[in-house]
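The values are calculated or read from the model by the stated rules, or taken from the named source; none is laboratory data. None of these values were measured; they are calculated from a predicted model. Because the Cβ atoms are built from the backbone with ideal geometry, glycine has one as well, and the counts that use them run over all protein chains shown. Just so you know, the surface numbers come from the protein's heavy atoms only, side chains and all, with ligands and any DNA or RNA stripped out. Shrake-Rupley method; radii C 1.70, N 1.55, O 1.52, S 1.80 Å.
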Amino acid sequence: MDYSELVAALNEDDPKKINKLISALRSRLMAFLRIHMNASEDDAKDASQEALIRALESIKRDKLKNPDYVVSYILSICRNSYLKLKQQKQTTSLNELTDQHHQAPRQLQSLLNKEQMRLLQWCLDQLAEKHRQFIQYWFDHPDAHTQKVADRFNITVNNAWTRKHRVIKKLNDCYQKKINL
(Lines give C-alpha, C1' and ligand atoms only; values in the text may rest on other atoms or scores of the structure.)
Protein backbone atom coordinates (compact mmCIF):
# COMPACT_ATOMS: atom_id res chain seq x y z
CA MET A 1 0.00 0.00 0.00
CA ASP A 2 1.29 3.47 -0.88
CA TYR A 3 1.09 5.46 2.33
CA SER A 4 2.29 8.63 0.62
CA GLU A 5 -1.34 8.88 -0.49
CA LEU A 6 -2.12 9.74 3.13
CA VAL A 7 -0.62 13.19 2.67
CA ALA A 8 -2.72 13.76 -0.44
CA ALA A 9 -5.86 12.43 1.30
CA LEU A 10 -5.29 14.80 4.22
CA ASN A 11 -4.75 17.73 1.87
CA GLU A 12 -7.90 16.81 -0.05
CA ASP A 13 -9.81 16.18 3.19
CA ASP A 14 -10.97 12.73 2.04
CA PRO A 15 -12.15 11.03 5.28
CA LYS A 16 -12.89 7.64 3.68
CA LYS A 17 -9.40 7.33 2.21
CA ILE A 18 -7.79 8.76 5.37
CA ASN A 19 -9.54 6.19 7.58
CA LYS A 20 -8.59 3.32 5.28
CA LEU A 21 -4.91 4.34 5.19
CA ILE A 22 -4.73 5.05 8.92
CA SER A 23 -6.29 1.70 9.75
CA ALA A 24 -3.72 -0.14 7.63
CA LEU A 25 -0.87 2.02 8.92
CA ARG A 26 -1.87 1.52 12.57
CA SER A 27 -1.76 -2.25 12.11
CA ARG A 28 1.70 -1.92 10.61
CA LEU A 29 2.90 0.31 13.46
CA MET A 30 1.58 -2.08 16.09
CA ALA A 31 3.29 -5.01 14.37
CA PHE A 32 6.53 -3.03 14.22
CA LEU A 33 6.39 -2.29 17.94
CA ARG A 34 5.43 -5.85 18.89
CA ILE A 35 8.11 -7.49 16.71
CA HIS A 36 11.03 -5.06 16.79
CA MET A 37 10.57 -3.33 20.12
CA ASN A 38 9.05 -6.25 22.06
CA ALA A 39 6.13 -4.05 23.15
CA SER A 40 3.05 -5.41 24.87
CA GLU A 41 -0.18 -5.18 22.91
CA ASP A 42 -1.51 -2.36 25.12
CA ASP A 43 1.72 -0.39 24.83
CA ALA A 44 1.75 -0.93 21.05
CA LYS A 45 -1.82 0.38 20.82
CA ASP A 46 -1.01 3.44 22.94
CA ALA A 47 2.25 4.28 21.18
CA SER A 48 0.85 3.77 17.68
CA GLN A 49 -2.17 5.94 18.49
CA GLU A 50 0.07 8.68 19.88
CA ALA A 51 2.38 8.45 16.86
CA LEU A 52 -0.49 8.71 14.40
CA ILE A 53 -1.94 11.74 16.17
CA ARG A 54 1.41 13.52 16.22
CA ALA A 55 2.18 12.56 12.61
CA LEU A 56 -1.20 13.69 11.32
CA GLU A 57 -0.83 17.03 13.10
CA SER A 58 2.62 17.48 11.57
CA ILE A 59 1.38 16.57 8.10
CA LYS A 60 -1.55 18.98 8.42
CA ARG A 61 0.87 21.74 9.43
CA ASP A 62 2.89 20.89 6.31
CA LYS A 63 5.98 19.86 8.31
CA LEU A 64 6.62 16.77 6.17
CA LYS A 65 8.78 17.85 3.25
CA ASN A 66 8.70 14.64 1.19
CA PRO A 67 5.47 12.55 1.22
CA ASP A 68 7.43 9.49 0.01
CA TYR A 69 9.01 9.26 3.47
CA VAL A 70 5.73 9.31 5.39
CA VAL A 71 6.14 5.70 6.62
CA SER A 72 9.68 6.14 7.91
CA TYR A 73 8.64 9.45 9.48
CA ILE A 74 5.69 7.84 11.28
CA LEU A 75 7.79 4.81 12.28
CA SER A 76 10.33 7.14 13.89
CA ILE A 77 7.59 8.96 15.77
CA CYS A 78 6.09 5.62 16.79
CA ARG A 79 9.41 4.24 18.07
CA ASN A 80 10.07 7.43 20.02
CA SER A 81 6.55 7.45 21.47
CA TYR A 82 6.99 3.87 22.65
CA LEU A 83 10.39 4.57 24.20
CA LYS A 84 8.97 7.63 25.96
CA LEU A 85 6.01 5.60 27.22
CA LYS A 86 8.36 2.87 28.43
CA GLN A 87 10.56 5.41 30.19
CA GLN A 88 7.53 6.99 31.89
CA LYS A 89 6.40 3.58 33.11
CA GLN A 90 9.87 2.81 34.49
CA THR A 91 10.01 6.17 36.25
CA THR A 92 6.56 5.64 37.71
CA SER A 93 7.49 2.14 38.88
CA LEU A 94 10.70 3.40 40.47
CA ASN A 95 8.85 6.26 42.18
CA GLU A 96 6.24 3.85 43.54
CA LEU A 97 8.95 1.50 44.75
CA THR A 98 10.82 4.35 46.42
CA ASP A 99 7.65 5.60 48.12
CA GLN A 100 6.79 2.12 49.40
CA HIS A 101 10.14 1.31 50.99
CA HIS A 102 12.33 2.97 53.53
CA GLN A 103 15.68 4.25 52.42
CA ALA A 104 18.43 1.69 52.89
CA PRO A 105 21.45 2.64 55.00
CA ARG A 106 24.10 4.49 53.02
CA GLN A 107 26.74 1.82 53.59
CA LEU A 108 24.48 -0.84 52.08
CA GLN A 109 23.63 1.41 49.14
CA SER A 110 27.31 2.10 48.59
CA LEU A 111 28.06 -1.64 48.54
CA LEU A 112 25.18 -2.26 46.13
CA ASN A 113 26.38 0.52 43.83
CA LYS A 114 29.90 -0.92 43.82
CA GLU A 115 28.55 -4.40 43.03
CA GLN A 116 26.36 -3.03 40.25
CA MET A 117 29.30 -1.18 38.74
CA ARG A 118 31.46 -4.30 38.98
CA LEU A 119 28.81 -6.31 37.13
CA LEU A 120 28.35 -3.59 34.53
CA GLN A 121 32.11 -3.46 33.96
CA TRP A 122 32.21 -7.23 33.57
CA CYS A 123 29.42 -7.04 30.97
CA LEU A 124 31.22 -4.20 29.18
CA ASP A 125 34.34 -6.34 29.00
CA GLN A 126 32.30 -9.05 27.24
CA LEU A 127 31.43 -6.71 24.35
CA ALA A 128 33.37 -6.55 21.10
CA GLU A 129 35.93 -3.75 21.12
CA LYS A 130 34.04 -1.52 18.66
CA HIS A 131 30.82 -1.85 20.69
CA ARG A 132 32.67 -1.17 23.93
CA GLN A 133 34.24 2.00 22.49
CA PHE A 134 30.88 3.07 21.07
CA ILE A 135 28.94 2.69 24.33
CA GLN A 136 31.82 4.10 26.38
CA TYR A 137 31.57 7.25 24.26
CA TRP A 138 27.87 7.49 25.22
CA PHE A 139 28.74 6.96 28.89
CA ASP A 140 31.40 9.69 28.71
CA HIS A 141 29.13 12.05 26.72
CA PRO A 142 25.55 11.31 27.87
CA ASP A 143 24.18 14.55 26.41
CA ALA A 144 25.77 14.07 22.99
CA HIS A 145 23.44 14.39 20.03
CA THR A 146 23.13 11.30 17.87
CA GLN A 147 24.46 13.24 14.86
CA LYS A 148 27.69 13.98 16.74
CA VAL A 149 28.08 10.32 17.68
CA ALA A 150 27.33 9.22 14.11
CA ASP A 151 29.99 11.60 12.80
CA ARG A 152 32.50 10.42 15.43
CA PHE A 153 32.05 6.75 14.44
CA ASN A 154 31.52 7.45 10.73
CA ILE A 155 28.04 5.89 10.61
CA THR A 156 24.54 7.14 9.87
CA VAL A 157 22.31 8.65 12.56
CA ASN A 158 19.90 5.72 12.26
CA ASN A 159 22.79 3.28 12.59
CA ALA A 160 24.05 5.14 15.68
CA TRP A 161 20.63 5.03 17.29
CA THR A 162 20.14 1.35 16.45
CA ARG A 163 23.64 0.39 17.60
CA LYS A 164 23.22 2.28 20.86
CA HIS A 165 19.99 0.49 21.73
CA ARG A 166 21.30 -2.92 20.68
CA VAL A 167 24.41 -2.53 22.82
CA ILE A 168 22.33 -1.32 25.76
CA LYS A 169 20.07 -4.35 25.34
CA LYS A 170 23.13 -6.64 25.30
CA LEU A 171 24.43 -5.00 28.46
CA ASN A 172 21.05 -5.23 30.13
CA ASP A 173 20.65 -8.91 29.22
CA CYS A 174 24.16 -9.66 30.48
CA TYR A 175 23.55 -7.74 33.70
CA GLN A 176 20.21 -9.49 34.30
CA LYS A 177 21.82 -12.90 33.79
CA LYS A 178 24.61 -12.07 36.23
CA ILE A 179 22.31 -10.84 39.00
CA ASN A 180 20.01 -13.86 38.61
CA LEU A 181 22.81 -16.42 39.04
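Cα to Cα, under 17 Å, and not fewer than 8 places away if on the same chain: which lysines meet these conditions relative to Lys164?
Result set, ordered by chain and number: Lys84, Lys86, Lys130, Lys148.
Which of rounded, prolate or oblate describes region 106-180 when judged by the alpha-carbon gyration tensor and an a/c cut-off of 1.5?
prolate
Quick check: at a probe of 1.4 Å, how many percent of the accessible area of region 106-180 sits on carbon and sulfur atoms? Working shown, then result.
Values: 2810 of 5530 Å².
Whole-percent figure for carbon plus sulfur exposure: 51.
Per-residue counts of other Cβ atoms within 10 Å, averaged by peptide: what ranking do you get for 117-128, 79-90, highest first? Don't skip to the end; give the middle numbers.
Numbers: 117-128: 13.4, 79-90: 15.2.
Those peptides, ordered most packed to least, come out 79-90, 117-128.
Need one word for region 1-49: rounded, prolate or oblate. Basis is the Cα gyration tensor (sqrt eigenvalues a ≥ b ≥ c); a/c below 1.5 gives rounded, then a/b vs b/c decides.
Prolate is the answer for region 1-49, as a/c is 1.5 or above and a/b outweighs b/c.
Hey, what did region 106-180 get for relative contact order, percent, Cα under 8 Å, at least 6 apart? Intermediate values should be presented prior to the final figure.
Numbers: 28 pairs, mean separation 26.0, N = 75.
Relative CO of region 106-180 lands at 35 percent.
By Kyte-Doolittle mean hydropathy of at least 0.0 and Cα axial length of at least 15 Å, which whole DSSP H helices of the chain are selected? Each step should come with its number before you reach the end.
Numbers: long enough: 15-36 (30 Å, 0.09); 41-60 (28 Å, -0.73); 70-100 (45 Å, -0.43); 106-126 (30 Å, -0.73); 129-140 (16 Å, -1.47); 157-179 (33 Å, -1.16).
Result, helices passing both filters: 15-36.
Can you tell me the length gained on complete extension of the stretch Thr156 to Asp173, counting 0.36 nm per residue apart and subtracting the Cα distance?
Extra length from Thr156 to Asp173 when fully extended: 3.6 nm.
Taking a ≥ b ≥ c as the square roots of the Cα gyration tensor eigenvalues, with a/c under 1.5 meaning rounded and otherwise prolate when a/b beats b/c, else oblate, which class fits region 3-93?
Details: a/c = 2.31, a/b = 1.90, b/c = 1.22.
It is prolate, given that a/c is not under 1.5 and a/b is the larger ratio.
Under the rule that a partner needs its Cβ under 4.7 Å from the first Cβ, which Cys of the chain have none?
Cys78
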